[in-house]
1. Relative contact order for region 1-93: what percent, with Cα pairs under 8 Å and sequence separation of 6 or more?
2. For the residues Leu13, Leu45, what sequence is obtained by ranking on other C-beta atoms within 10 Å, fewest first?
3. Quick one: order Cys111, Cys85 by neighbouring beta-carbon count within 10 Å, fewest to most.
4. Which cross-chain or sequence-distant (5 or more) residues have an amide H under 5 Å from the amide H of Thr75, H modelled 1.01 Å from N in plane?
5. Each residue of region 163-179 in turn: what ³J(HN,Hα) in whole Hz from Karplus with 6.51, -1.76, 1.60 and θ = phi - 60°, glycine and Pro shown as x?
6. Among the aspartates and glutamates, which fall within straight-line cross-link reach of Lys59, defined as a Cα-Cα distance under 20 Å, with same-chain neighbours fewer than 8 residues apart omitted?
7. Describe numerically, in nm with one decimal, the distance between label points set 7 Å from Cα along Cα→Cβ at Met165 and at Thr60.
8. Taking the Cβ-Cβ separation of Thr34 and Met1 as r and a Förster radius of 22 Å, what is the calculated FRET efficiency to the nearest 0.05?
Amino acid sequence: MRYHYTYLIFNSLCGYFYYGVRTTPEDVLPEDDTYMGSSKHLQALYKRFPVAWVKTVIKTYDTRSQAEFAEYELTTAEALSNRYCVNRRRGGLGWRLGAPCKEETKNKISCAKTGYKHTEEWKQENSKRQKGHTFGSSVLMAELGIEPKQPKTERTASDETKQKMRAAKLGKKRDPETIAKVKAGQRAFYAKLKELKRIKEASND
């Protein structure tokens, strides 16, 4: 079993603090997890102030998305404006969208995953974990009271039609231009949701 939790890393000597989210390795309790954050700013501070760092588990959650949303709520504008806050931006929801990735990092990821296959046991466990899991846009839409777009028809495709559709798409890859357009659309949609959330929060103050 893996656990999802938010944490606070604090240095009692210099006052720096950092909020984070973490999913533990298999069968490791949050309290026993030795992970101390991956932020480059935090790593630099570890070298500068090598002692007095304490990690505190704030709360555990059933799903990763719940933990990420909790981190988003912890990293408020007030917290980020604190000179001792190591976080550079709001964490949690959608931080991966548009984040640049070095070619060296891409190559390492590619080499690590090439030829790798998950076991059937892992697939079943992952399927259980993902049930009921919601991602950034879905969480924001629910919070803002936006209903997801419903299909225009209740008809379901026959097995024969499904096989034809699958055969037509099998092995077909999108060209770079199409991929860029899809990514740009996703970023724009998510940015709009975040703007709506900001307006909603401002109106409630």
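1. In percent, rounded to a whole number, it is 37.
2. Leu13, Leu45
3. Cys111, Cys85
4. Placed amide hydrogens put Gly91 under 5 Å from Thr75.
5. These are the phi-based 3J(HN,Hα) values: 5, 5, 5, 5, 5, 5, 9, 4, x, 7, 10, 6, 6, x, 5, 5, 4 Hz.
6. Candidates past the 8-residue exclusion: Glu26, Asp27, Glu31, Asp32, Asp33, Glu68, Glu71, Glu73.
7. 4.0
8. The computed FRET efficiency comes out at 0.80.
Where a number appears in this text, it was derived from the coordinates with a stated rule and is not lab data. The structure displayed is predicted, hence computed values, not measured ones. Neighbour counts run over all protein chains shown; Cβ positions are idealised from the backbone, glycine included.
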